[in-house]
1. Taking the options Glu240, Glu312, name whichever one is surrounded by fewer than 21 Cβ atoms within 10 Å (Cβ to Cβ), closer than 29 Å to Tyr563 by Cα, modelled with pLDDT of 85 or more and in the same structural domain as Ile518 (by TED's automatic domain parsing).
2. Given the conditions (1) β-branched (Val, Ile, Thr); (2) farther than 30 Å from Ala268 by Cα; (3) modelled with pLDDT of 85 or more, report the number of the one that Val546 does not fulfil.
3. Would a scan of the range 87-95 turn up a residue that is in a helix (DSSP H, G or I) and crowded, with 24+ Cβ neighbours inside 10 Å?
4. Tell me, please, whether a residue that is closer than 23 Å to Asn21 by Cα and touching an Asp or Glu at 6+ places or on another chain (Cβ under 9 Å) can be found in the range 197-220.
5. For the range 434-476, enumerate the residues that are touching a residue at least 40 places away in the same chain (Cβ under 8 Å), among the aromatic types (Phe, Trp, Tyr) and either touching a Gly at 6+ places or on another chain (Cβ under 6 Å) or assigned by TED's automatic domain parsing to the domain that holds Tyr176 (or both).
6. Within the range 127-150, can one find any residue that is of a type in the set (S, T, N, Q), in contact with a strand residue (DSSP E or B) (Cβ under 9 Å, 6 or more places away or on another chain) and more than 30 Å from Glu630 (Cβ to Cβ)?
7. Suppose we filter the range 578-606 for residues that are outside any loop (DSSP other than H, G, I, E, B) and farther than 21 Å from Ser317 by Cα; how many remain?
8. Any residue that is surrounded by 16 or more Cβ atoms within 10 Å (Cβ to Cβ) and farther than 22 Å from Lys572 by Cβ - is there at least one of those in the range 319-330?
Amino acid sequence: MCGIFGIIGKQDRELLKKMDNVLIHRGPDSSGAINFEDVSIGVRRLSIIDLNTGDQPIHNEDGRLWVVQNGEIYNYLDLRIDLISKGHRFYTNSDTEVIIHAYEEYGEACVQRFNGMFAFVIWDTKRKRLFGARDRVGIKPFYFLCKEETLLFASEIKAILQDKSFRRELDMTSFYNYLSRLFVPGNRTIYKNIRKLPPGHTITFEKGKIAIDQYWDLNLKRKIFCEDAEYESNIRNKLENSVKRQLISDVPLGALLSGGVDSGSIVAFMAKNSVAPVLTFTVGYAGTDASLPNEIFYARESSNFFGTDHKEIIADSAVLIDQLPKIVWFFDEPFAGSLSQYQISQLTRKYVKVVLCGLGADELFGDYGRGVRLSQYSHWLSHIFLYAPRLVKKAILDFKCMIPQTGKQAEFFNGFNRYIIKLLELGKLYASQWEIFSERTQKELVKDFVLEQVDIKASIEGLFFEYLLKTKIKTIEDIVMYSNFKTQLVDEYLRYTDTLSMAHSLESRVPFLDNELIEYAATIPIRKMVRGRADKYLLKNALRPVLPSGVDERRKGFFSLPYGLWLRNELKNLALNMLSKERIDAMGYFSYKKVWEIVQSQYAGDDSKTYQTWSLLMFSLWHKLFIEEEVTSISQAEDCYMRDVPTHLYKNAS
């Protein structure tokens, strides 16, 4: 696990050094760089495999090709044996060197052979050509900016922001999406012109020209029919094989254990395939919702069953609140999702460098339940749209996107809209399942100029239909799973897992998102995945033999931080300061009248306004740091808060 970064099209050692310094948390063990006539590439390394000779950048036999990588190639030993048999010579024992020799042997198709989580770039000194790739699911990040025939790339946006010539402007579509779902989906970022390399894609940059190509996609159209017992056996075997692959490490590793099915199964297979007791970690917060299952006790039961070396950590909410400026800094973009991973990672890193977790199980085996319910509640016209020819779908969607969002023209099209809304209700229902600010509320909350700049095709609803057109999927359940896999999994769950764990130089691995397990799960028919309202029915049956009795019957506990309590107590003065009329008017995007209405309702006890208030606060904090102050280091971020957001604002409100 590392942080990679570079400038292609010009040599800039000074900028490269700044990019290096700002990513030190991703790789505190070593730093490396190459500088040629028109290229500067660097890497910060967190040493996991081959501690002695694995420093990067790594070159091929004649020094023509150079590579830097963030992540791990889990099947690198098998690939290494194959490449040696074909005459390639290695000078390290690292997985990163396998990438460069595989590229020599197989060209750009080498990415098809990698099973892992990765983002890498290869520089060809002879052709003066960059080739890079991101793993199939998007576990590891890859950001880039292309301007004036120059390419900047990095594992985190803050490295690109070290370029003082870049003008920091909001991408209004991303802003709109943030208000809807608290994260930025798709290939955009909150910054205009900075983009993400999509999962399962490659990037090439040569002679000032950039090309993005897809090398893998989730295929939900091919189904395999067999008895439940065969499905269950295959799921168990493929998950165990994934865990075994991901145990490869030259440093201590452990697992996050909640006591549920997903994390419990990971620990079960770790214990089975480890000589020493597995290190497991459970974290709880005082002051969380008492009605939720007590994960500490559940995890303790599972730990006793598997015989793990278990660490229970009771984290302090007050500490997390004090660290808000740092959390905002590490994210680069506004983010108001779960922040608990920050302190969990901070405390776990005292014991290990690598943790395995159960992330991805819901998206592979549980989201069909959401699709079933969406199918039940949608209008019959939307089902007709699902089966319409592709050209008809595209024409309807193009017409919808042409309709203005505001003004008299929008009113004129209301009659047409009434029928189009019924046809496209699936997208609207999908987008509204987790929305924080509804489309109607956003029209009251943000100013017209924001809505006028929104590209509807890149909204949550628009991406849903883009996937529908692209994949030709014919069932609601499958398109919901595909959309969740491409948006919420990547841009919320994997995003915060990588950001908040790497903030503490901790590598997080996700065995459920193994290549072979993903492709197998995609072939299982819907009726086998879900029975009635029982989500993850097949997965629970498959894993029941390896888990303590009763684990699969527990109600899923969604870990929740007490945002409402914080906003009414410790964070009240901070929220009032950051959402004051002066601040709202200075930012220029919102109607203060609507903001104040939301804030007042939250303080009056309306819990439905908690996440709305929280998301506005987090946006204001981010905007202060990254747009108004244009900070370029964590020390500047902390100084900004000490100067403009005094610590007394964190004290309990009277």
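The values are calculated or read from the model by the stated rules, or taken from the named source; none is laboratory data. In this text the structure is predicted, and so the values were computed from the model without any measurement. Please note: Cβ atoms are built from the backbone with ideal geometry, for glycine as well, and neighbour counts cover all protein chains shown.
1. Glu312
2. The number of the failed condition is (2).
3. yes
4. no
5. Phe465
6. No, the conditions are met nowhere in the range 127-150.
7. 18
8. Checked the range 319-330: at least one residue is surrounded by 16 or more Cβ atoms within 10 Å (Cβ to Cβ) and farther than 22 Å from Lys572 by Cβ.
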